[in-house]
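Take a look at the structure set out below.
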Amino acid sequence: MTFRWKYRILVAWILFSASVQQVATVNETAQIPEVNVTQPEIETTVAPEPTKSYTEYTWIASDVLYDSEGVVLQASVLDEYDGTYLVTQCAYRCLLNAQCRAYNFYHSHHVCQLLAEDHTLPENSFREEPDGEYYTRNAFLIDQVRDDN
């Protein structure tokens, strides 16, 4: 870089610095009108602390007096649920339905059938089904294990 370019850059820098100082002086001496801005009052509420207690239950298999594995009951079906992966899910659905007397559970198809009748009626009959199991309403019971309330 030649001397001439260095001189030009130095002059430009001096002029720039002077203009910045002049702007700063004008801003410091200028009268800015004061504006009163009022913030609206915000009402805050605090949510209550969530409870950290819970109740824990476990499933109890009752004594079944007959062999239900590999057989299903042919009876009138109240409801059928796909996507039931555990027999206790089927038991729970039966306990929720007041009309349910028994249920068939199909393992590989993941199907639960709620039945309006159980095996005690003479017109009902069992049919062999390698994938299925038959249970009465009270085959599984829920027992409370822990209560932190």
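The values are calculated or read from the model by the stated rules, or taken from the named source; none is laboratory data. Just so it is clear, the model here is predicted, and its values are computed rather than measured. Don't worry about glycine lacking a Cβ; one is built from the backbone with ideal geometry, like all the others, and counts go over all protein chains shown.
Where residues in the range 80-114 are outside any helix (DSSP H, G or I) and of a type in the set (Gly, Ala, Ser), which of them is nearest to the chain's Cα centre (by Cα)?
Step by step, filter the range 80-114, then rank; the result is Gly83.
Looking at (1) part of a strand (DSSP E or B); (2) modelled with pLDDT of 90 or more; (3) of a type in the set (D, E, K, R), which is the one condition that is false for Glu117?
All conditions are met except number (1).
What about Ala98, is it free of Cβ contacts under 8 Å to residues at least 40 places away in the same chain, out of contact with any Ser or Thr (no Cβ under 8 Å at 6 or more places or on another chain) and of a type in the set (Gly, Ala, Ser)?
So Ala98 fits the description; yes.
For the range 47-85, give me each residue that is modelled with pLDDT of 65 or more and aliphatic (A, V, I, L, M).
Once the filter is applied, which keeps residues that are modelled with pLDDT of 65 or more and aliphatic (A, V, I, L, M), the range 47-85 yields Ile60, Ala61, Val71, Val72, Leu73, Ala75, Val77, Leu78.
Checking the condition surrounded by 15 or more Cβ atoms within 10 Å (Cβ to Cβ), at pLDDT below 90 and hydroxyl-bearing (Ser, Thr, Tyr), which residue from Thr38, Thr88, Thr44 passes?
Testing whether each residue is surrounded by 15 or more Cβ atoms within 10 Å (Cβ to Cβ), at pLDDT below 90 and hydroxyl-bearing (Ser, Thr, Tyr) leaves just Thr88.
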